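Quick notes on the structure that follows.
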Amino acid sequence: EFTQTDKSSLYVSSKRTFAVNGYHHPYTWTETVDYDRSLGTMPFLRQTLHANSVSASYRCLSGVEGSNAKGELALMVSSVIMPSSENSTCPDGFTYTDKEDSMALCLDNDECLLRRVEVFSLLQECHVDECAEEEPACEQRCQNLIGSYRCECFRGFNIDATLGHCIDVDECSTFQHNCTDDQKCRNYDGGFSCVVNCPVGLRLTANGSCIDINECAELTAGCHYTQRCENMWGRYRCSCQKGFKSMGPGHPCLDINECHTSPPPCNYECRNLIGDYECICPPGFRRLRDRKTCIASYQYAEHPRTGQAYYPQPQLRRRPSLPGFSSKEYQHRLLRRVYKVKNCPKGLIQDGDQCKGI
């Protein structure tokens, strides 16, 4: 039941019973509700709220699976507000008045001031405004009630029913925020904020933009001390120097045995070194500046001015010629002579250009 006690406050009371295991347990509660004065007053001095039906629905929150899945339970109550059967009178402890701008109100009786205190038990005391005491009864907000008080918390906090303290509501972990998928929810005492969600490898700046994290400069990369750290946009890479191969981030660089590669780098003998290799030439041969090719020493020469290696052309020796004959004619005569010697009949020998008997 709601009773208008002021232009911006209501006195609420309820009397019901609960059935537990076949036993009916009565209960009664009262409360003072303050609201915005601009909303006006109720159309009747006293009104009652009746609940006709109660229904519930459950919805799983998207993007959450497994044992940590969370959902949202919604309760829907169908109710109706109607004038009270005792609308022309005030409940006990109140006095009817219509002097407030010709508005009907039920004003609270100050039993202590009127000396009409009805003592129901030895523990009952006169009404005291606990919120006005020197030591606040509440941590954040105190609501004085008739014969009692209520502690309330600011928005973004919930009251701990056991300790009576106000504790922060983590809207991020309880999915009570409105951040989009490309934003990150950041909780703080009494509220939350939605910030840009930078991908892995990027850092959020004060102006809301994302910048690259230089893991190599900040020494946060997972490279081995034998590896070389190369920073890239949003990530980094662990590589090895020439002559070594990488086994993955955080693993030492291993030497590459170039002598076992195909085709072999050397044309004679290969000697593997740490991070390199060396070509060995056989005796009497020299290695060219390409560090791979071996040539005979007598074939090797260097240009006197450029120092580049080249292959000198062999000098052909001219055949001697007979006096009075050119080299070509001398060779022709020599061939004719050899030919004729081979064609002399048996028993004859060559004598100049003729065959004679022995």
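Quick notes on this one:
- Counting only residues that are closer than 20 Å to Glu72 by Cβ and either loosely packed, with under 13 Cβ neighbours inside 10 Å or β-branched (Val, Ile, Thr) (or both), region 177-206 holds 3 of them.
- Among (1) touching a strand residue (DSSP E or B) at 6+ places or on another chain (Cβ under 8 Å); (2) loosely packed, with under 13 Cβ neighbours inside 10 Å - the single one Thr162 does not satisfy: (1)
- Within the option set Cys240, Cys223, Cys259, Cys253, being more than 35 Å from the chain's Cα centre (by Cα) and open to solvent by less than 50 Å² (accessible area, probe 1.4 Å) holds for one residue only, Cys259.
The rows are residues; the columns are (1) of a type in the set (Ser, Thr, Tyr); (2) touching a Leu at 6+ places or on another chain (Cβ under 8 Å); (3) surrounded by 10 or more Cβ atoms within 10 Å (Cβ to Cβ); (4) modelled with pLDDT of 85 or more.
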{"residue": "Asn52", "(1), (2), (3), (4)": "no, no, no, no"}
{"residue": "Ser55", "(1), (2), (3), (4)": "yes, yes, no, yes"}
{"residue": "Tyr58", "(1), (2), (3), (4)": "yes, yes, no, no"}
{"residue": "Leu61", "(1), (2), (3), (4)": "no, no, yes, no"}
{"residue": "Ser78", "(1), (2), (3), (4)": "yes, no, yes, yes"}
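- Consider region 149-159 and keep the residues that are more than 35 Å from the chain's Cα centre (by Cα) and free of Cβ contacts under 8 Å to residues at least 24 places away in the same chain. The one that is surrounded by the fewest Cβ atoms within 10 Å (Cβ to Cβ) is Glu152.
- Flag if Ser209 is modelled with pLDDT under 85, hydroxyl-bearing (Ser, Thr, Tyr) and open to solvent by less than 50 Å² (accessible area, probe 1.4 Å): yes
Yes or no, residue by residue, for (1) under 30 Å from Val169 (Cβ atoms); (2) of a type in the set (Asp, Glu); (3) touching a strand residue (DSSP E or B) at 6+ places or on another chain (Cβ under 6 Å):
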| residue | (1), (2), (3) |
| --- | --- |
| Cys194 | yes, no, yes |
| Val200 | yes, no, no |
| Asn207 | yes, no, no |
| Glu218 | no, yes, no |
| His224 | no, no, no |
| Arg235 | no, no, no |
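Residue by residue, here is whether (1) touching a Leu at 6+ places or on another chain (Cβ under 7 Å); (2) open to solvent by 40 Å² or more (accessible area, probe 1.4 Å); (3) over 30 Å from Cys294 (Cα atoms); (4) basic (Lys, Arg) holds:
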{"position": "Ala217", "(1), (2), (3), (4)": "no, yes, yes, no"}
{"position": "Glu230", "(1), (2), (3), (4)": "no, yes, yes, no"}
{"position": "Arg271", "(1), (2), (3), (4)": "no, yes, no, yes"}
{"position": "Cys281", "(1), (2), (3), (4)": "no, no, no, no"}
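- Considered as a group, the residues in region 16-40 that are part of a strand (DSSP E or B) and within 25 Å of Thr97 (Cβ to Cβ) include one that is most open to solvent (accessible area, probe 1.4 Å), and that residue is Asp34.
The values are calculated or read from the model by the stated rules, or taken from the named source; none is laboratory data. Every value quoted in this text rests on a predicted model; they were computed, and no experiment measured them. Glycine also receives a Cβ, built like all others from the backbone with ideal geometry; neighbour counts cover every protein chain displayed. The protein model used for the area step is the full one, side chains on, heavy atoms only, and it has no ligands, DNA or RNA in it. Shrake-Rupley method; radii C 1.70, N 1.55, O 1.52, S 1.80 Å.
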